[in-house]
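The values are calculated or read from the model by the stated rules, or taken from the named source; none is laboratory data. Remember, predicted model here, so these are calculated numbers, not experimental data. When we count neighbours, we look across all protein chains shown, and the Cβ atoms used for this are built from the backbone with ideal geometry, even at glycine. Side chains are part of the model used for accessible areas, which takes the heavy atoms of the whole protein and leaves out ligands, DNA and RNA. Shrake-Rupley method; radii C 1.70, N 1.55, O 1.52, S 1.80 Å.
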Amino acid sequence: HKQRTQTWNTNIFHTKISKPITNESDMKDLQNDLNSVTEWSKRNNMTLHEDKFEYICHAALRSNSLLELPFTNDILQYSTNKGALRVTSQVKDLGILVSSNLSWATHIRSICQRARQKAAWVLSVFHSRRPDVMLTLYKSMVRSLLEYCSPLWNPTKIGEIQELEGVQKTITSKIAGCQDLNYWERLQKLSLMSLQRRRERFIMLTMWKILHGKTSNDLNISFQQRSRTGTKAVVPSVNHVSSAFHQSLYDSSFAVIGPKLWNCVPNHLNCITEFDLFKSELTAFLMKVPDTPPAKGYSPKNSNSVLAWRMDNSASPRTLR
């Protein structure tokens, strides 16, 4: 059987309904769920914008050519009183673009374009190139666009990492005293982390919140207390049944990357129970780790992930082990 996870999204209330679809009965159940939501809204005098409903399908069997035929969407069609739901290849959910192929490439291109436009505006309006002025403007108006909800869409593909780093690479080259330095040297001079390193830092901070119950643990991540290394997260095992494509997606997801990065946090840090202290100590720890991110025109020694430096014998044992 084909399995497709289908989700509806309403633009105003962000109401979502999803269900794995393996047969015609599942399709009928999903249509009934949709009918129940619209009927409930009417009973409670709430008007949903049914003409803005849309649905997106995530196909489990990408190689199934039947899914690409013209009549596929007719078979898997759902409707409300306003007519058939609009089929879309991507939906925006709370500011994040989710694609039907589960790729974050579209979202990354979108935020990079917005950040470049904002950076161009900053450079045209503010004429000072002093480091303190430029860094304040960059951190508050540009970098924030590139980091919203980054633990969810954190990329592992080199091209996507380079595209994101390209924004920071460009704006730091305009700062006074940095014009003759390469990107990696500018990061050191300005005491900046690469965007890649900051995303991994956000993931570690989120893992701390999960460990201490400060945020929901929807992925059921578990931790183990060890006498020598402190609190370690359990890394999910490889699913040998799934396809290479889906295993690759899963391996790059928060469910796997989160525990792996948390296990890079040394024992004297992962035992800290106060968030602000953990955050400052983690930042100081990560600033000691070599930071040479992938960027166009540069040849890094490795992927620059904390995971890669942990395996690199040239990294300081006291820093990463």
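Here are a few things to note about the model shown:
- Flag for Asn73 being surrounded by fewer than 18 Cβ atoms within 10 Å (Cβ to Cβ), at pLDDT below 95 and assigned to a helix (DSSP H, G or I): yes
- Any chance Ser252 is open to solvent by less than 50 Å² (accessible area, probe 1.4 Å) and touching a residue at least 12 places away in the same chain (Cβ under 8 Å): yes
Listed here are the residues, each with its yes/no results for (1) buried (at least 16 other Cβ atoms within 10 Å of the Cβ); (2) free of Cβ contacts under 8 Å to residues at least 40 places away in the same chain; (3) assigned to a helix (DSSP H, G or I).
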residue: Thr106; (1), (2), (3): no, yes, yes
residue: Arg109; (1), (2), (3): no, no, yes
residue: Trp121; (1), (2), (3): no, yes, yes
residue: Ser124; (1), (2), (3): no, yes, yes
residue: Val133; (1), (2), (3): no, yes, yes
residue: Tyr138; (1), (2), (3): yes, yes, yes
residue: Gln162; (1), (2), (3): yes, no, yes
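- Every test in (1) touching a residue at least 24 places away in the same chain (Cβ under 8 Å); (2) out of contact with any Lys or Arg (no Cβ under 8 Å at 6 or more places or on another chain); (3) part of a helix (DSSP H, G or I) is passed by Ser191 save one, and that test is (3).
- Of all residues making up the stretch 224-249, the number that are open to solvent by 50 Å² or more (accessible area, probe 1.4 Å), at pLDDT 90 or above and out of contact with any Lys or Arg (no Cβ under 7 Å at 6 or more places or on another chain): 2
- Odd one out for Leu152, checked against (1) closer than 28 Å to Tyr250 by Cβ; (2) in a helix (DSSP H, G or I); (3) open to solvent by less than 20 Å² (accessible area, probe 1.4 Å); (4) not charged (D, E, K, R): (3)
- Per the conditions (1) touching a residue at least 60 places away in the same chain (Cβ under 8 Å); (2) at negative phi, the sole criterion not satisfied by Asn304 is (2).
- In the stretch 198-231, the residues that are in a loop (DSSP other than H, G, I, E, B) and without any contact (Cβ under 8 Å) to a residue 24 or more places away in the chain: Gly213, Thr215, Ser216, Asn217, Asp218, Asn220, Ser222, Ser227
- On inspection, Arg129 passes the criterion of being more than 21 Å from Lys279 (Cα to Cα), open to solvent by 40 Å² or more (accessible area, probe 1.4 Å) and either in contact with a Lys or Arg (Cβ under 9 Å, 6 or more places away or on another chain) or hydroxyl-bearing (Ser, Thr, Tyr) (or both).
- Of the residues examined, Asn182 is not one that is farther than 30 Å from Lys301 by Cα, open to solvent by 50 Å² or more (accessible area, probe 1.4 Å) and either touching a Phe, Trp or Tyr at 6+ places or on another chain (Cβ under 8 Å) or without any contact (Cβ under 8 Å) to a residue 60 or more places away in the chain (or both).
- Test: residue in the stretch 296-318 that is open to solvent by 30 Å² or more (accessible area, probe 1.4 Å), in contact with a Gly (Cβ under 6 Å, 6 or more places away or on another chain) and assigned to a helix (DSSP H, G or I): no
- Scan of the stretch 232-283 for residues that are within 15 Å of Val306 (Cα to Cα) and either outside any helix (DSSP H, G or I) or small (Gly, Ala, Ser) (or both), ordered by number: Ser252, Gly258, Asn263, Cys264, Val265, Pro266
- Meets criteria (surrounded by fewer than 20 Cβ atoms within 10 Å (Cβ to Cβ), modelled with pLDDT of 95 or more and within 20 Å of Gln196 (Cα to Cα)) for Arg116: yes
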